[in-house]
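Contents: one structure, followed by commentary.
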Amino acid sequence: MMALVQQLTQELGVNDRQAEGGLGLILGLLRERLPAGDFARIGDALPEADALVESAPKPGSATGGLLGGVMSAMGGGGLAKLAQLANGFSGLGMDSSLVARFIPVVVTFLGDKGGADLAEKVAGILKGE
């Protein structure tokens with residue numbers, strides 16, 4: 001099991017499937033919002049990043065997207081993406097409030113592996129900026 005998934009399961013009390021799915025959802029948002037070079041740095045820090053994104057629940061599937069779609073239609077870009085994350089987490093059987101608990105773990109891990117500047121960019125995106 002990869003170190004970040006293990007850390008999420010231990011610190012947050014989620015199972016492996018939930019940790020991998022939630023991480024994949026977060027990484028999917030980052031892949032969408034970061035310049036390709038910055039996401040490549042995430043891939044260097046976390047070689048499984050692309051596989052996690054591909055295996056995560058898809059926005060608009062049965063696991064979520066309605067609230068995010070409504071917010072996008074209303075012009076809430078960053079907030080809409082966070083709403084999609086919350087919906088995806090719910091689809092994995094987790095309370096949507098766990099998004100806020102995943103974020104600092106992911107940011108700290110990426111900062112440790114990819115540098116403070118990468119962590120700063122990631123944190124900005126995950127705060128809806």
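Laboratory data are not the source of any read-out in this text; all were calculated from the coordinates shown. Since we're looking at a predicted model, the values are computed, not measured. Every residue, glycine as well, gets a Cβ built from its backbone with ideal geometry; the counts of neighbours run over all protein chains shown.
Quick notes
- Residue order, fewest to most beta carbons within 10 Å, for Thr108, Thr9: Thr108, Thr9
- FRET E, pair Glu129, Arg31, Förster distance 22 Å, beta-carbon r, rounded to 0.05: 0.85
- Note, ³J(HN,Hα) from phi for the range 111-118, Karplus 6.51, -1.76, 1.60, rounded to Hz, x at Gly and Pro: x, 5, 8, x, x, 5, 5, 5
- For the range 89-99, putting each phi into the Karplus relation 6.51 cos²θ - 1.76 cosθ + 1.60 with θ = phi - 60° gives couplings of 4, 4, x, 8, x, 10, 5, 4, 5, 5, 3 Hz, in residue order, rounded to whole numbers and with x for Gly and Pro.
- Taking other Cβ atoms within 10 Å as a rough exposure proxy, Asp16, Asp50 sort from fewest to most as Asp16, Asp50.
- Taken as Cα centroids, the range 38-59 and the range 92-129 sit 13 Å apart, rounded to the nearest whole angstrom.
- Extension gain for Asn15-Thr108 works out to 31.5 nm (0.36 nm per residue, less the C-alpha to C-alpha distance).
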